[in-house]
1. Which ordering of 208, 92, 34 is given by a fewest-first count of other beta-carbon atoms within 10 Å?
2. How many nm separate the modelled label positions at residue 208 and residue 117, each set 7 Å beyond the Cα in the direction of the Cβ?
3. Obtain the nm distance between the two label points defined at residue 64 and residue 92 by a simple spin-label model: each point lies 7 Å from its Cα along the Cα-to-C-beta direction.
4. In nm, give the distance between the simple-model label positions of residue 227 and residue 45, each being 7 Å from the Cα along the Cα-to-Cβ direction.
5. Considering Cα pairs under 8 angstrom that are at least six residues apart, work out the relative contact order of the range 106-238 and quote it in whole percent.
6. Extension gain residue 54-residue 166, at 0.36 nm per residue separation less the Cα-Cα distance, in nm?
7. How high is the FRET efficiency between residue 127 and residue 283 when r is their beta carbon distance and R₀ equals 51 Å, given to the nearest 0.05?
8. Taking the beta-carbon count within 10 Å as an exposure proxy, list 211, 232 from fewest neighbours to most.
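Any read-out appearing in this document is the output of simple, stated calculations on the displayed coordinates, not a laboratory observation. Being a predicted model, the structure only gives us computed values, none of them experimental. Virtual Cβ from ideal backbone geometry, glycine too; neighbours counted across all protein chains shown.
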């Protein structure tokens, strides 16, 4: 029996790749290298609006009162670091810093725990008339200016003995409820309700569903609400001014009011205190910016 072996089929050479049009290549490279000059100019203008006042504050804090003449943008002839020492002493900076930090941390924690819980109850029952009415009632509070309700708030806090740091923390959580509920509800409505139904099937309670399923999913919105509340509580001047009655509990913003007299103002020490009050919040942002930006970006993608 003869065995025949077929010869291997010859592979046809692959057709050569069509050459690209040089004009198309230049067009693609041009699109990649194209710069949006309008957006770049807008970003530059926004950066100038921040950097120019910051430069003015720094150079003013390093000058003596005799060097404050002119336009104010001239560099100091010699750095006067004594302004920071004066600001540290006159404002009792360590005590004021601790007071501000306690109020800010307390306001952020209480706001995240309570506002998100209220928003969850509203978002999952928005089809009911009562909860829909509560939702729009809270949204309407956004349009009420604080000076209108300032005097009643002062009288009520004094009547209930809340003219202290605890009362101030409660007010921050309550006054931020309107905007925070609006932010939370829109995000909670995008969370699939099937996750909660599966947990209910396994015997979980509503309280457990919220803390173990919903609240961890709210991390992006918690980052956004936490940032807004932190910046507001740290920089606020009006609420501590009208609520706090104990001079020992005053915040950094109230302590800086000592530089303004009836006939003159110590601008050098005042600007030094402004930089010192801004530094802790800036340091926190520098170390936490990765989590802050990632949380906000996840929220926008969601």
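1. 34, 208, 92
2. It works out to 1.8 nm between the two label points.
3. Those two pseudo-labels are separated by 3.1 nm.
4. Taking the simple label geometry, residue 227 and residue 45 are separated by 2.3 nm.
5. 41
6. Full-extension gain reported as 37.0 nm.
7. 0.65
8. 211, 232
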